[in-house]
Amino acid sequence: MKAGVALTGVTTIRLWDVSLVIVGAGPNLGLAVARRFGREGFAVGLISRTDSRLVELAAQLQLDGVTTAGAVADIRDRSRWRSRSL
């Protein structure tokens, strides 16, 4: 997603568009890391278990001018993992 575009619902992360992916993105360390890398020009992908958290974090980052994409996923559930070739 480009900065300033509202994130609504689940957004597909295309790995070739993202410089950094934060798994378990949260309002403390995850947000701080995303902001830091975003200030350096990195696009940031966020992965969180809850859509509401993801939308909130992405909105904060986009207000800071960080290019952000997001996906809802629980990486602890190995049965839902799938292999993809880029």
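Here are some notes:
- Qualifying residues in region 1-13 (those that are more than 10 Å from A71 (Cα to Cα) and either surrounded by 14 or more Cβ atoms within 10 Å (Cβ to Cβ) or not β-branched (V, I, T) (or both)) - the one modelled with the highest pLDDT: L7
- Qualifying positions in region 60-76 - in a loop (DSSP other than H, G, I, E, B) and of a type in the set (S, T, N, Q): T67
- Flag if R39 is among the charged types (D, E, K, R), touching an Asp or Glu at 6+ places or on another chain (Cβ under 7 Å) and modelled with pLDDT of 85 or more: no
- Of the residues making up region 42-59, one or more are modelled with pLDDT of 80 or more, over 24 Å from D74 (Cβ atoms) and not acidic (D, E).
- Where R78 falls short, out of the listed (1) surrounded by 15 or more Cβ atoms within 10 Å (Cβ to Cβ); (2) of a type outside the set (A, V, I, L, M, F, W, C); (3) at pLDDT below 85: (1)
The values are calculated or read from the model by the stated rules, or taken from the named source; none is laboratory data. Predicted model only: the values in this text are computed from it and were never measured. Note that we place each Cβ from the backbone using ideal geometry, even for glycine, and neighbour counts take in every protein chain shown.
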